[in-house]
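Worksheet: the structure to be examined is printed underneath.
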Amino acid sequence: MLNPIDASMPVTAYRQRPIPEEPPTAAEATDKAIAKYELDVKNGASPSDLADDRVAIGKAVEVEVQLQILQLPGREKTQREPTVAQLVDQYGKAIIDRHADDPAATRELVQGAIDDYKTTATQWTPEDRGKVDAYIKGAMDRHPGNIQAAFEELRDLRWTPGHFYDTNLAIGADYLRARWETEKSNNIVGGIMVDVYLDKKQNNQIPQNGPGPVSPYSELQKEYMHKGVEDQWNTLNWFEKSFLSDNSVTISGLARAAFENDVS
């Protein structure tokens, strides 16, 4: 039997669990890195410590600017500016403006970090099959049985400034575009469109057809685009292949393709 509760008994008071501090924003992290560098300069820190400070400033500047660019929405097809280089300058200027009263040497260091990131941000990312496959699988999983929608998802992502130079996203989108072209006609039309496109790209004859730059030609892109044609054709049964292999389908598909020049 439980003893009755005595209301007069003292109750132990427990402190409220402390609320954890919010992590610093990217801008605060940049300002903190710059402040540490200036303090170390003032205190006569060793060259190695100052070198570490400069590296920390470079990383903080990169993160701050990169996050702002990644948060930008997708663009319309013909909206070409501001370019990524212009965006880096724009967001970098905001950092410089926050430190207008800092010593000239500090501002020069920060400007150097901004310029370094501008070079990095406008270089195409290294090819990575795993990342290409992840982009393709993700889009197809989100749009089961709808190749056009899967392609358009990756195309729209490519049209965001934060992904203008994502090589693996470009290859993934091209794979799905090759599948979609094959779906609309047949493997003959899809293969011809891919070959013509790649030949033009090798000869720098592909015009900018979206808000971002044209991706560079590569053998990996060629492999994936031809794989897209093959993979889509292999989803059909023999009867569908027989019907779509008719010359009339090929001729109409090539006629349509002549007026479509928006492979990303």
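Once region 83-113 is narrowed to residues that are open to solvent by 30 Å² or more (accessible area, probe 1.4 Å) and among the polar types (S, T, N, Q), the residue that is farthest from the chain's Cα centre (by Cα) is Q111. Of all residues in region 69-79, those that are under 14 Å from H163 (Cα atoms) and part of a loop (DSSP other than H, G, I, E, B) total 5.
Exactly one residue out of W159, W180 is surrounded by fewer than 23 Cβ atoms within 10 Å (Cβ to Cβ) and touching a Pro at 6+ places or on another chain (Cβ under 6 Å), and it is W159.
Going by what's in this entry, would K118 be described as basic (K, R), open to solvent by 50 Å² or more (accessible area, probe 1.4 Å) and under 17 Å from K59 (Cα atoms)?
yes
Taking the condition of being open to solvent by 50 Å² or more (accessible area, probe 1.4 Å) and either touching a residue at least 12 places away in the same chain (Cβ under 8 Å) or closer than 29 Å to L72 by Cα (or both), how many residues in region 210-223 meet it? Even if it seems obvious, please write down each step before you answer.
From region 210-223, those open to solvent by 50 Å² or more (accessible area, probe 1.4 Å) are 214, 216-217, 219, 222-223; that's our starting set.
Filter once more, so that each one left must be either touching a residue at least 12 places away in the same chain (Cβ under 8 Å) or closer than 29 Å to L72 by Cα (or both): 214, 216-217, 222.
Counting residues in region 210-223 that are open to solvent by 50 Å² or more (accessible area, probe 1.4 Å) and either touching a residue at least 12 places away in the same chain (Cβ under 8 Å) or closer than 29 Å to L72 by Cα (or both) gives 4.
Which residue pairs have Cβ atoms closer than 9 Å, lie 6 or more positions apart in sequence or on different chains, and pair a first residue in region 26-49 that is over 21 Å from A104 (Cβ atoms) and free of Cβ contacts under 8 Å to residues at least 60 places away in the same chain with a second residue that is surrounded by 13 or more Cβ atoms within 10 Å (Cβ to Cβ) and of a type in the set (V, I, T)? Pairs that qualify, where the first residue is over 21 Å from A104 (Cβ atoms) and free of Cβ contacts under 8 Å to residues at least 60 places away in the same chain and the partner is surrounded by 13 or more Cβ atoms within 10 Å (Cβ to Cβ) and of a type in the set (V, I, T), are A26/V63; A26/V65; A29/V63. Of the listed requirements (1) in contact with a helix residue (DSSP H, G or I) (Cβ under 9 Å, 6 or more places away or on another chain); (2) open to solvent by 70 Å² or more (accessible area, probe 1.4 Å); (3) β-branched (V, I, T), T78 misses just one: (1). If you filter region 224-246 down to residues that are under 24 Å from D156 (Cβ atoms) and charged (D, E, K, R), you find that the one that is most open to solvent (accessible area, probe 1.4 Å) is K227.
In region 198-209, the residue that is surrounded by the fewest Cβ atoms within 10 Å (Cβ to Cβ) out of those that are within 14 Å of A170 (Cα to Cα) and out of contact with any helix residue (DSSP H, G or I) (no Cβ under 7 Å at 6 or more places or on another chain) is Q208. Can you confirm whether region 49-64 contains a residue that is in contact with a Lys or Arg (Cβ under 8 Å, 6 or more places away or on another chain) and modelled with pLDDT under 95? There is no residue in region 49-64 that is in contact with a Lys or Arg (Cβ under 8 Å, 6 or more places away or on another chain) and modelled with pLDDT under 95. You will find that of I34, I95, I69, I57, the residue that is closer than 30 Å to N209 by Cα and touching a helix residue (DSSP H, G or I) at 6+ places or on another chain (Cβ under 8 Å) is I69 and no other. Scanning region 134-156 for residues that are open to solvent by 60 Å² or more (accessible area, probe 1.4 Å) and hydrophobic (A, V, I, L, M, F, W, C) turns up just one, A134. Of the helices (runs of 4 or more DSSP H) lying entirely inside region 187-264, those containing at least 1 residues that are modelled with pLDDT of 90 or more span 187-202, 219-233. Residues in region 200-223 that are within 22 Å of D156 (Cβ to Cβ) and of a type outside the set (S, T, Y): K201, I206, P207, Q208, N209, G210, P211, G212, P213, V214, P216, Q221.
The values are calculated or read from the model by the stated rules, or taken from the named source; none is laboratory data. Quick caveat: nothing in here was measured; it's all calculated off a predicted structure. Virtual Cβ from ideal backbone geometry, glycine too; neighbours counted across all protein chains shown. Note: areas computed on protein heavy atoms with side chains; ligands, DNA, RNA excluded. Shrake-Rupley method; radii C 1.70, N 1.55, O 1.52, S 1.80 Å.
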